[in-house]
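Readers should treat all values here as calculations from the given coordinates under stated rules, not as data from a laboratory. Since the structure is predicted, the reported quantities are computational estimates derived from the model, not experimental observations. A quick note on method: Cβ atoms are made from the backbone with ideal geometry, for glycine too, and the neighbour counts reach across all protein chains shown.
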Amino acid sequence: MNLAVIGSGGREHAICYKLKQSPKLKKLVCVPGNAGTQEIAENIKEDISNFEALYQIIKKRNIDIVIVGPEQPLVDGLVDYLNKKKIRVFGPNKFSSQLGYLLPKPKFSLKRIDLFFIKLLEIISSIELNLRE
């Protein structure tokens, strides 16, 4: 399976680290990535607000599933854009991500997004365990 992770922070590094452990993984791409993800994935420098450029990278590298990490592309509608292009993508749609983004307490909003990704890692681990059985 070929996977792409969008983002350049510690959260994205943790996601890449966990995904890299799967024997089902063939290719792991991180856009734009960071020094840590460079050790475990192919980093591709691209502006993550340029949805068309991201789409071209995904198509060129035959990515099966995209995981969107940062809050801003979620709020800007990257998941909706990729869904319209028939790309399998994991992350909340524009409407759902704006609900958390617009909350009056930014720390609460960030906590909710982080809990979302903690749940993602649990799901990935669960799927991996089921595939091994």
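Computed from label points 7 Å out along Cα-Cβ, the spacing between Ser125 and Ala53 is 3.5 nm. Report relative contact order for the stretch 1-44 in percent, whole number only (criteria: Cα-Cα under 8 Å, sequence separation at least 6). Result for the stretch 1-44 is 43 percent. In terms of packing, defined here as the mean over residues of other Cβ atoms within 10 angstrom, the peptides 47-56, 23-32 line up highest first as 23-32, 47-56. Remark: spin-label model distance Gln21-Lys45 equals 3.2 nm, labels positioned 7 Å along the Cα→Cβ axis.
Using the Cβ of Val68 as centre and a radius below 13 Å, the other residues enclosed give a net charge of -1, where K and R count +1 and D and E count -1.
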